[in-house]
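We did not get these values from a lab; they are worked out from the coordinates using the rules stated. This one's a predicted model, so the numbers in the text were calculated from it and none came from an experiment. Positions of Cβ are backbone-derived with ideal geometry, glycine not excepted, and every protein chain shown enters the neighbour counts.
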Amino acid sequence: MDRLYKELENYSQTDYYPFHMPGHKRNESSVDGNFPFDRDITEIYGFDNLHHCKGILKRAQENGAKLYGSLECFFSINGSTAALLSAVSACVKRGGKILMARNCHKAVYHAVYLRDLKPVYIYPQIERELEINGGITPGRVKRLLEEQPDIQAIVITSPTYDGIVSDVSGIARITKEYGIPLIVDEAHGAHFCFSNYFPVSALKLGADIVVQSLHKTLPSMTQTAVLHRCSDRVSGDVIRRFMGIYQSSSPSYVLMASIDACFDKLERDGQRMFQSFVTNLKNARERLEKCRHIRLGTADMIGNAGIFDFDRSKLLFFTKGTSLTGHKLHEILREEFHLEMEMESEYYVTGITSVGDTGEGLKRLCNAIEEIDRRETLKRIDERKRDIFLDSSPYMQMKQIMGIFETIESAVTKCLLEESIGKISAEFVYLYPPGIPILVPGEQITGQFVRNVRRYMEQGLDVQGLCDYTNKTICVVGD
Ligand SMILES: Cc1ncc(COP(=O)(O)O)c(C=O)c1O
């Protein structure tokens with residue numbers, strides 16, 4: 001079978017001379033640095049066109065649909081971001097109402113802004129033990145759909161950045177009853193289909209659209225993602241139209257070939273690769289669970305706070321009750337052990353593992369965590385912060401006063417963060433990662449929000465979103 005990545009490799013060995021884009025002319029000496037110019041082509045003869053595909057790119061996407069068992073698979077070279085923008089735009093008419101989990105990624109909020117949608121938020125429950133977002137439950141979805149019959153679609157994130165999986169099957173049963181599409185942001189779950197050690201993918205549980213970032217948990221280049229259409233409740237033509245709008249008209253062949261190579265490898269060798277990965281991961285988890293102070297997130301959380309399942313490929317190290325913050329633990333791992341983690345939060349650090357990991361890499365992490373855990377300075381301290389948690393969670397319920405589009409497009413002024421309490425924010429604020437807004441344009445700023453932002457900054461967490469990068473001022477509506 002002709003595979004895009006192989007055709008590209010073959011082409012790079014030929015003597016065809018490019019009187020076409022890109023300007024590097026596949027000449028590696030045209031600039032310093034080591035870039036894959038030899039296979040960085042444009043829509044030349046024989047290589048199809050992603051936005052009007054009839055040949056090799058059509059077949060590459062069909063391979064993706066076959067591999068995952070979807071009706072149609074769309075390649076995205078602008079990550080899950082473009083796929084989510086397209087999914088939301090395709091499912092909800094301009095100005096329409098969408099039910100969305102409040103812990104959605106900022107891409108979903110941007111779709112709401114661009115299409116002037118009316119969001120109805122559903123807050124995930126909070127897992128009080130670990131102080132992380134739990135799941136979205138079918139019962140709450142049903143109640144909101146009953147109350148607001150003009151909702152046109154629902155979007156949830158499952159798994160979350162922390163690996164928390166909601167009851168997608170239960171939610172899908174309800175959305176079917178109400179005849180509206182269910183979009184699942186499975187950006188962190190592209191690996192689910194390849195081993196039953198991981199949760200069942202939303203693709204098999206009745207979701208209508210599933211978005212997956214290949215680059216997050218599979219061997220594929222950064223920016224590569226797919227949108228799967230899984231039912232006829234959503235039109236493929238409309239999705240195609242939006243994917244054409246939100247993506248470049250010159251999609252990178254290097255990135256598309258990377259998707260194709262990833263799928264080819266999984267098809268041929270996925271079973272063996274995942275067996276070995278899961279064996280290494282189980283060994284690592286077994287060691288890490290024995291730590292006395294640093295606590296590993298385990299499947300024990302299932303059943304609490306709407307948590308239906310948990311992705312064991314995510315290694316969450318909780319520092320609550322020790323003398324460390326998440327930031328401090330990350331700093332030690334980076335500086336002393338040369339281990340760079342995915343995310344740090346107030347009380348935990350997240351490591352992403354994948355089929356690309358080596359047994360050696362996982363052992364290095366286990367050795368480091370065990371060594372830190374043995375340190376005298378780490379001994380358990382009073383759970384002194386526990387009582388303030390209810391107020392200080394980043395994902396507090398906020399009061400929405402105005403719509404996102406209306407707020408961003410209205411007259412705004414800058415004011416000192418300390419003086420903004422009670423005013424309406426005209427900006428997003430989020431911790432990055434994970435890029436989930438803790439404040440959305442149109443929401444009222446609270447004293448607790450301001451105190452939280454100050455505390456995150458003192459802890460060295462990355463607060464983003466404000467146009468003032470020092471986070472001293474915020475744009476608010478009116479004077
Ligand atoms: C839950 C979730 N959805 C979507 C995205 C966006 O994905 P991408 O970076 O592939 O555009 C992210 C990125 O971190 C994410 O965490």
Could you work out how much longer the chain between D38 and A368 gets when fully extended? Use 0.36 nm per residue separation minus the Cα distance between them, nm to one decimal. 114.8 nm
Bins of 10 Å, beginning at zero and ending with the bin holding the largest distance: percent of Cα pairs per bin for segment 4-265, please. 7, 30, 32, 19, 9, 3, 0
Could you sort the peptides 126-134, 409-417, 157-165 by per-residue average Cβ neighbour count (10 Å cutoff), highest mean leading? 157-165, 126-134, 409-417
Checking rank on 456-464, 78-86, with mean other Cβ inside 10 Å and highest first, the result is 78-86, 456-464
In whole angstrom, note down how far apart the Cα centers of segment 126-148 and segment 362-376 are. 35 Å
Cα-based count: Lys pairs in segment 274-383 below 16 Å, eight or more positions apart or different chains? 9
Cα coordinate range in the chain, projected on the principal axes (Å, largest first): 68, 53, 48
Difference of contour (0.36 nm per residue) and Cα-Cα distance, R143 to N471: 114.3 nm
Per principal axis, largest first, the Cα atoms of segment 274-383 extend in Å by 40, 35, 22
Dipole of the chain, Cα-centred, from +1 at each Lys and Arg C-beta and -1 at each Asp and Glu C-beta, to the nearest 20 debye? 840 debye
For K118, go through the aspartates and glutamates and keep the ones whose alpha-carbon is under 20 Å away, minus same-chain ones fewer than eight residues off. E146, E147, D150, D185, E406, E409, E427, E443
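With respect to the cross-link table entries K204/K399; K54/K216; K66/K176; K25/K265, which display a Cα-Cα separation exceeding 32 Å?
In this structure, K204/K399 lie more than 32 Å apart at Cα.
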Under 18 Å from the Cα of K472, which lysines turn up, not counting those fewer than eight places away in the same chain? K414, K423
Tell me the Rg and the Dmax, in Å, that the Cα atoms of segment 8-102 produce. 18.3, 55
Taking 60 Å as R0, compute the FRET efficiency from the Cβ-Cβ separation of S235 and E336 and round it to 0.05. 0.65
Size descriptor, Kirkwood hydrodynamic radius, that averages inverse alpha-carbon separations across segment 394-477, Å: 12.5 Å
What's the ranking of 53-64, 29-40 by average number of surrounding C-beta atoms within 10 Å, highest first? 53-64, 29-40
